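Asks: Before anything else, here's the structure in question.
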Amino acid sequence: MTLWLVRHAQPLIEAGVCYGALDLPADVAATRAAARALAEVLPPAAAVISSSLQRCELLAQTLYGLRPDLPYKTEVRLREMNFGCFEGQRWDCIGAPAYAAWTADFWQHRFGGVENVADFLSRVASVWDAPVRPGQPQVWITHAGVIRAATLLSQGIRQLDQAQQWPAGAPGFGQWCQLSRQP
């Protein structure tokens, strides 16, 4: 089965700011452009699931307006990682000690005090592991961190020992990638 992993359009926030769990709007014009491009390539009867954050829901709603054959459901487990007290701060102002603590215990450390990578990957895995109809393509409208987590899951990786194991790449805003997934 093919899993389409779609990243929301550019959020309306200054570059360089940590915004994982912040419920920010996305640029409307960029969202429309992403939805139009996606509507042209998605197969009929794909199951569309969207993060509940508004930057993703706007893309899901816009896509549905273009392709009424692709209704979506909202899934809170597809939200981006929660960086707690660092949400809304500039990444370059967070400070080296916080990064050092996180990379020293990347799997269990709660960067920002709320969620750790173990909890985050487990949350995404609970969606990954949910039963799907064989042969039905699935579309996740989500975030870069969720896409990186799904990439690990597609490789059978469910635990990390070091921060360097976390995938560096993810689709750009309004872009997507595809993974193969066993039902």
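Here, each number is a calculation from the coordinates, and none is a lab measurement. Predicted model only: the values in this text are computed from it and were never measured. Virtual Cβ from ideal backbone geometry, glycine too; neighbours counted across all protein chains shown.
Asks: Which of the residues belonging to region 21-31 are farther than 11 Å from residue 89 by Cβ and either acidic (Asp, Glu) or part of a loop (DSSP other than H, G, I, E, B) (or both)?
Replies: Filtering region 21-31 for residues farther than 11 Å from residue 89 by Cβ gives 21, 23-31.
21, 23, 24, 25, 27, listed by residue number.
Asks: In region 39-87, which residues are farther than 19 Å from residue 117 by Cβ, part of a strand (DSSP E or B) and in contact (Cβ under 8 Å) with a residue 40 or more places away in the chain?
Replies: Across region 39-87, the qualifying residues are 47, 48, 49, 50, 72, 75.
Asks: Also, quick follow-up: Any residue that is touching a helix residue (DSSP H, G or I) at 6+ places or on another chain (Cβ under 8 Å), crowded, with 18+ Cβ neighbours inside 10 Å and of a type in the set (A, V, I, L, M) - is there at least one of those in region 97-108?
Replies: No, region 97-108 has no match at all.
Asks: Return a yes/no flag: does region 20-43 have any residue that is within 19 Å of the chain's Cα centre (by Cα) and under 20 Å from residue 163 (Cα atoms).
Replies: yes
Asks: Moving on. Pick from region 74-90 the residues that are of a type in the set (Lys, Arg) and under 16 Å from residue 125 (Cα atoms): which of them is surrounded by the most Cβ atoms within 10 Å (Cβ to Cβ)? Working first, answer last.
Replies: Initially, region 74-90 is screened for residues of a type in the set (Lys, Arg), giving 77, 79, 90.
This time we only want the ones that are under 16 Å from residue 125 (Cα atoms), so: 77, 79.
Details: 77: 18, 79: 22.
Filtering first and then ranking leaves 79.
Asks: So, one more: Here are the criteria: (1) over 21 Å from residue 9 (Cβ atoms); (2) within 12 Å of the chain's Cα centre (by Cα); (3) part of a loop (DSSP other than H, G, I, E, B); (4) not small (Gly, Ala, Ser). Tell me which single one residue 115 does not satisfy.
Replies: Result: residue 115 passes all but (2).
Asks: Output the residues belonging to region 135-183 that are under 11 Å from the mean Cα position of the chain (by Cα), crowded, with 20+ Cβ neighbours inside 10 Å and either aliphatic (A, V, I, L, M) or assigned to a loop (DSSP other than H, G, I, E, B) (or both).
Replies: 141, 143, 146, 147, 149, 150
Asks: Considering only residues that are in a helix (DSSP H, G or I), closer than 18 Å to residue 19 by Cα and either in contact with a strand residue (DSSP E or B) (Cβ under 7 Å, 6 or more places away or on another chain) or of a type in the set (Gly, Ala, Ser) (or both), which ones fall in region 96-112? Quick ask: steps written out before the conclusion?
Replies: Taking region 96-112 first, the residues in a helix (DSSP H, G or I) are 96-104.
Restricting the remaining residues to those that are closer than 18 Å to residue 19 by Cα gives 98-99, 102.
Matches in region 96-112: 98 only.
Asks: For residues that are in contact with a Gly (Cβ under 9 Å, 6 or more places away or on another chain) and among the hydrophobic types (A, V, I, L, M, F, W, C), scanning just region 109-134, find the one that is surrounded by the fewest Cβ atoms within 10 Å (Cβ to Cβ). Please lay out each step first, then the result.
Replies: Within region 109-134, the subset in contact with a Gly (Cβ under 9 Å, 6 or more places away or on another chain) is 110-115, 120, 124.
With among the hydrophobic types (A, V, I, L, M, F, W, C) added as a condition, the list becomes 111, 114, 120, 124.
Numbers: 111: 24, 114: 16, 120: 20, 124: 24.
This residue is 114.
Asks: Which pairs turn up if I take residues in region 156-174 that are closer than 28 Å to residue 11 by Cβ and without any contact (Cβ under 8 Å) to a residue 12 or more places away in the chain and look for partners that are surrounded by 10 or more Cβ atoms within 10 Å (Cβ to Cβ) and among the hydroxyl-bearing types (Ser, Thr, Tyr) with beta carbon separation below 7 Å, at least 6 apart in sequence or on another chain?
Replies: Between residues of region 156-174 that are closer than 28 Å to residue 11 by Cβ and without any contact (Cβ under 8 Å) to a residue 12 or more places away in the chain and residues that are surrounded by 10 or more Cβ atoms within 10 Å (Cβ to Cβ) and among the hydroxyl-bearing types (Ser, Thr, Tyr), there is no close pair.
Asks: Within region 27-38, track down each residue that is farther than 17 Å from residue 69 by Cα and in contact (Cβ under 8 Å) with a residue 60 or more places away in the chain.
Replies: First pass over region 27-38, keeping only residues farther than 17 Å from residue 69 by Cα: 27-34.
Across region 27-38, the qualifying residues are 30, 31, 33, 34.
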